[in-house]
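Scroll down for the structure; my scribbles are underneath it.
The values are calculated or read from the model by the stated rules, or taken from the named source; none is laboratory data. These numbers come from a predicted model, not from an experiment. Cβ coordinates were reconstructed from backbone atoms using ideal geometry, including for glycine residues, and neighbour counts include every protein chain displayed. To get the accessible areas, we keep the full protein, side chains included, count just its heavy atoms, and leave off ligands, DNA and RNA. Shrake-Rupley method; radii C 1.70, N 1.55, O 1.52, S 1.80 Å.
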Amino acid sequence: MQDLGIRVLFEGKNLIRLLEGLWVTIEISLLSVLISMILGIVLGMIMTVKNPLVKAVTRLYLEFVRIMPQLVLLFLVYFGMTRAFHVNLSGEVSAVIVFSIWGTAEMGDLVRSALISIPAHQYESGRALGLTEGQIYRYIVIPQTIRRLVPLAINLATRMIKTTSLIALIGVIEVVKVGQQIIEASRLSVPSAALWIYGVIFFLYFIICYPVAKLAARLEKAWNTV
Amino acid sequence: MNIDVLKEYAPAYFSAAGLTVRIALIGIAGSFLVGLLCSLIRYYKIPGLRQIAGVYIELSRNTPLLIQLFFLYFGLPKIGILLSSETCAITGLIFLGGSYMAEAFRSGLEAVPNIQIESALSLGLTKGQVIGYILLPQAVSVSIPAFAANVIFLIKETSVFSAVALADLMYTAKSFIGMSYNTDEALFMLVLSYLGILLPISVIFTIIERKLRYAGFGN
């Protein structure tokens, strides 16, 4: 009965397989987060440039990526690029490409707003005190930008981790797909497997995202006094 | 890209878009109410309910909608709760959206200065009147930007409903790709449909936000 349904977890290597699937999810998220952070900082700095053409192009990119559901972007790359450029991308590669494109846009906007949120008088006071431009950035602008940026960037990372659950829908074997395989395999021996497996996956995501989100909230509170 | 194929596909996308919009509307309205309730419970620190709301918000914010839907759609029938895919989709969206809306309202409620409430009470308004006339109008107008972001976020999240066998836009695109290999046309229509739904909403909210900022309520 249902009370015993949880035993499906401990049958064979089910739990190990589920955790291996989770590792694929984490790997893809971490890789995408890393790429997005680096490219996002560059994009954010480009976006503060006054050139109208640069502004228009970056704005268009940002708005398009933001307005499209991530699943649509995954479909565009996974099914569309394959046809358009005759390249065969695996689900994993498509996922990293899509999440990097999306993450870069979001991160770029965070960096841009953090940069423009530094009031002009900070630069002017620095100059009045006789600091060089390099010193102004090193001691005044960058420390303040980082304080504003880090909590938001961590929040973005948790959003990206949650969004990676979508890649099961383009056929990547990650935690959700492994869960489905286990459910299919034990359909007769443990009929209530779906309840338990999806319940466990639910909590696995929670266990990963909750501490990270809490850390972001704590940092935000601690640094907000500036 | 073949125009005839696009024309042939259009009606299917139209009805799918209608379904997406309808479910999103119900889900957003539900999320709004749940969020309002949760944020008021937390604002007034109602014992018991407050902890429940807190646990709910953390659970819902830190898990993906897809897993919530799978749990509702495939998991719950095992203990005898059978939901149709539409009910599942709406329930899932409200479960997810409620916590996001609650956070949006919370920042709005916190922005209302205490003096407003004290003044209202000293003028002899009842608790209900304070909420209805003083607290909510100010809190809601402060949380409009966050609310707008959540609405767009929730409409985007509806794209995963195809996974619980709901014939939405993604489902339509996927079946056209599978049936006829007209990948370019199917994806083009998909992007066009989402742009058609989300772009006007995004523009309208931008205008509203700008208007509110001009109004400069409070200080």
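What to note about this one:
- Only one entry of B:Leu135, B:Leu166, B:Leu125, B:Leu154 meets the criterion of being touching a Phe, Trp or Tyr at 6+ places or on another chain (Cβ under 9 Å) and part of a loop (DSSP other than H, G, I, E, B), and that entry is B:Leu125.
- Some residue of region B:24-36 being part of a helix (DSSP H, G or I), within 9 Å of chain A (Cβ to nearest Cβ), surrounded by 21 or more Cβ atoms within 10 Å (Cβ to Cβ) and out of contact with any Pro (no Cβ under 7 Å at 6 or more places or on another chain): no
- Single residue of B:Leu69, B:Leu125, B:Leu121 found to be more than 13 Å from the chain's Cα centre (by Cα), open to solvent by 60 Å² or more (accessible area, probe 1.4 Å) and at pLDDT 90 or above: B:Leu121
- Some residue of region B:63-86 being part of a helix (DSSP H, G or I), hydroxyl-bearing (Ser, Thr, Tyr) and free of Cβ contacts under 8 Å to residues at least 60 places away in the same chain: no
- Residue check: B:Val142 meets all listed conditions (1) at pLDDT below 85; (2) surrounded by fewer than 17 Cβ atoms within 10 Å (Cβ to Cβ) but one, namely (2).
- Close pairs (7 angstrom Cβ cut-off, 6 or more residues apart or separate chains): more than 21 Å from A:Gln70 (Cβ to Cβ) in region B:178-207, open to solvent by 60 Å² or more (accessible area, probe 1.4 Å) and of a type in the set (A, V, I, L, M) anywhere: B:Glu185/B:Met1
- The single condition among (1) modelled with pLDDT under 85; (2) touching a helix residue (DSSP H, G or I) at 6+ places or on another chain (Cβ under 6 Å) that A:Ala168 does not meet is (1).
- Restricting attention to region B:151-202 and to residues that are within 27 Å of B:Gln68 (Cβ to Cβ) and charged (D, E, K, R), the residue that is most open to solvent (accessible area, probe 1.4 Å) turns out to be B:Lys174.
- Restricting region A:83-97 to residues that are open to solvent by 40 Å² or more (accessible area, probe 1.4 Å) and of a type in the set (Val, Ile, Thr), the residue that is nearest to B:Ser202 (Cα to Cα) is A:Ile97.
- Residue in region A:41-63 that is within 26 Å of A:Ala168 (Cβ to Cβ) and either over 15 Å from the mean Cα position of the chain (by Cα) or buried (at least 21 other Cβ atoms within 10 Å of the Cβ) (or both) present: no
- Residue check, B:Asp184 more than 7 Å from chain A (Cβ to nearest Cβ) and among the acidic types (Asp, Glu): no
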